[in-house]
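First comes the structure, then the notes that go with it.
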Amino acid sequence: MNCRPANAPEPRSALALLGKTKSVFVRGSQLSEKVDSKIRCNVCERRCLLTPGGFGWCRTRLHRDGKLLTLIYGSVSSLAANPIEKKPFYHFHPGTSALTAGSWSCNFGCPWCQNWDISKTPPPARGRYVSPRRFVQLAIESGCQGTSISFNEPTLSLEWSLDVFPLARRRGLYNTFVTNGYMTPESLALLIDAGLDAMNVDIKGDAEVGRKYCKTIDVEKVWHSCQLARSRGVHIEVTSLVIPGVNDSEKTLHGIASRIATSLGRDVPWHITRYYPAYQFSAPSTPVQTLEHAWEIGREAGLDFVYMGNVPGDPHDDTHCPGCGERLIRRHGFGVMENKLRAGRCPHCNCAIAGVWSDVR
């Protein structure tokens, strides 16, 4: 639903949006609840309790006049037509493109954030308002086959996503999230019902990493989101940014790999990606040897598909058949150089390859 009047001028920031459209109010009784004079936000698993005039942890939710508002509905900080491989999705419509939108802020506090310029910026911020209908139209005009909410944490753009996804579906587009997975089950259910097709979930590490580096988050709730999405038929891929001294230990990497295999499935792709110093973190870039060892850990844990990211040209970026070992998809960077799959199967041994391979417009 787009509640913005057709003849209204396009506001330049989230602040300008306040008072101009009803859509800034957080919709759905399950996403907010009154607790005495306060309001609990149930959009993400922080479940912040906001005092009158107060903000949530992410600074995108405001308690005003007894109601919970979002300050970033349609406030787009970044917009780009990206290959789906960049998300990364390797088993979901390979070779297609998704129009990708980001907004502002995050519900995690990771000091190494690669997109810190928008994720560490609370609203109101510079940015233009893009209505859901306009965003979907831009995706069509850009020749994209899908949408992606990404760059900063997409859960914070929940209300906008709930309006985008049905419109995109009606135009034959798929819908994706690139997320830290810290949305509530209530939010995730609404997203799936609206048309969420795929999620790439960033698993940061073990419980200690969540507490120490992500500013007191419970990593078990991320795993629960993955399991819930998987049970509802959403395509899942997992990414772990491997950071020296943070999550590169044998114990941590084996814990992630074995948890994917046992809780989600051996056929769920695991992307282990190379970290580069950013924002407030100055540890040196991840050695390629560390990533190679992580790849071996993933395979030893029984995972069928383990990929190395941010290392262009590495052979571990390709997809091989878990049955016969045939190379099925050859990649370089974000490009698909060769795709031998036939109706989602290996042409050599006819093994079914987990993923979403059907044609899109």
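The values are calculated or read from the model by the stated rules, or taken from the named source; none is laboratory data. Quantities reported herein were computed from a predicted structural model and do not represent experimental measurements. Cβ atoms come from the backbone with ideal geometry, glycine included; neighbour counts cover every protein chain shown.
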(request) Quick one: which residue in Gly205, Gly172 is more than 30 Å from Phe281 (Cα to Cα) and in a loop (DSSP other than H, G, I, E, B)? (result) Gly172
(request) Only residues that are outside any helix (DSSP H, G or I) and aliphatic (A, V, I, L, M): list them for segment 209-225, please. (result) Ile217
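Residue-wise test of (1) under 22 Å from Gln30 (Cβ atoms); (2) in contact (Cβ under 8 Å) with a residue 24 or more places away in the chain; (3) within 15 Å of the chain's Cα centre (by Cα).
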{"residue": "Cys106", "(1), (2), (3)": "no, yes, yes"}
{"residue": "Pro132", "(1), (2), (3)": "yes, yes, no"}
{"residue": "Ala139", "(1), (2), (3)": "no, yes, no"}
{"residue": "Gly143", "(1), (2), (3)": "no, yes, no"}
{"residue": "Ile192", "(1), (2), (3)": "yes, yes, yes"}
{"residue": "Ala198", "(1), (2), (3)": "no, yes, yes"}
(message) Need a quick list: strands (runs of 3 or more DSSP E) entirely within segment 304-361 having at least 1 residues that are touching a residue at least 12 places away in the same chain (Cβ under 8 Å) and surrounded by fewer than 17 Cβ atoms within 10 Å (Cβ to Cβ).
(response) 327-332, 335-339
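Per-residue answers, yes or no, for (1) modelled with pLDDT of 95 or more; (2) crowded, with 23+ Cβ neighbours inside 10 Å; (3) under 17 Å from the mean Cα position of the chain (by Cα); (4) under 29 Å from Asp117 (Cβ atoms):
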residue	(1), (2), (3), (4)
Lys215	no, no, no, yes
Lys221	yes, no, yes, yes
Gly265	yes, no, no, no
Trp270	yes, yes, yes, yes
Arg274	yes, no, no, yes
Ser282	no, no, no, yes
Gln289	yes, no, no, no
His293	yes, no, no, no
Gly298	yes, yes, no, no
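Table: residues versus (1) at positive phi; (2) touching a strand residue (DSSP E or B) at 6+ places or on another chain (Cβ under 6 Å).
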site: Ile203; (1), (2): no, yes
site: Gly210; (1), (2): no, no
site: Thr216; (1), (2): yes, no
site: Gly233; (1), (2): yes, no
site: Thr239; (1), (2): no, yes
site: Ser249; (1), (2): no, no
site: Ile260; (1), (2): no, yes
site: Arg266; (1), (2): no, no
(request) Determine whether segment 276-286 contains at least one residue that is farther than 15 Å from Lys204 by Cα and in a helix (DSSP H, G or I). (result) no
(message) From the list Lys20, Lys38, exactly one residue is surrounded by fewer than 17 Cβ atoms within 10 Å (Cβ to Cβ), modelled with pLDDT under 95 and not aliphatic (A, V, I, L, M). Which is it?
(response) Lys20
(request) Determine which single condition Tyr174 fails, assuming it passes every other condition in (1) touching an Asp or Glu at 6+ places or on another chain (Cβ under 8 Å); (2) farther than 24 Å from Leu188 by Cβ. (result) (2)
(message) If I filter segment 115-129 for residues that are at pLDDT below 95, in contact with a Leu (Cβ under 8 Å, 6 or more places away or on another chain) and in a loop (DSSP other than H, G, I, E, B), do I get at least one hit?
(response) yes
(request) Scan segment 326-351 for residues that are out of contact with any Gly (no Cβ under 6 Å at 6 or more places or on another chain), within 23 Å of Met308 (Cα to Cα) and aliphatic (A, V, I, L, M) and jot them down. (result) Leu328, Ile329, Met337, Leu341
(message) Among the residues that make up segment 68-76, is at least one of them touching a residue at least 24 places away in the same chain (Cβ under 8 Å) and within 30 Å of Gly309 (Cα to Cα)?
(response) yes
(request) Read through the list (1) among the aliphatic types (A, V, I, L, M); (2) modelled with pLDDT under 95; (3) over 23 Å from Cys144 (Cα atoms), then give the number of the only condition that Leu328 fails. (result) (2)
(request) Being over 30 Å from Leu328 (Cβ atoms), assigned by TED's automatic domain parsing to the domain that holds Cys214 and buried (at least 22 other Cβ atoms within 10 Å of the Cβ) narrows it down to one of Pro111, Pro123, so name that one. (result) Pro123
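From the list Glu153, Glu159, pick out the single residue that is buried (at least 23 other Cβ atoms within 10 Å of the Cβ), farther than 19 Å from Arg259 by Cα, within 15 Å of the chain's Cα centre (by Cα) and among the charged types (D, E, K, R).
Only one candidate passes the filter, namely Glu153.
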(message) If I go through segment 70-98 residue by residue, how many of them are part of a strand (DSSP E or B), among the hydrophobic types (A, V, I, L, M, F, W, C) and buried (at least 24 other Cβ atoms within 10 Å of the Cβ)?
(response) 2
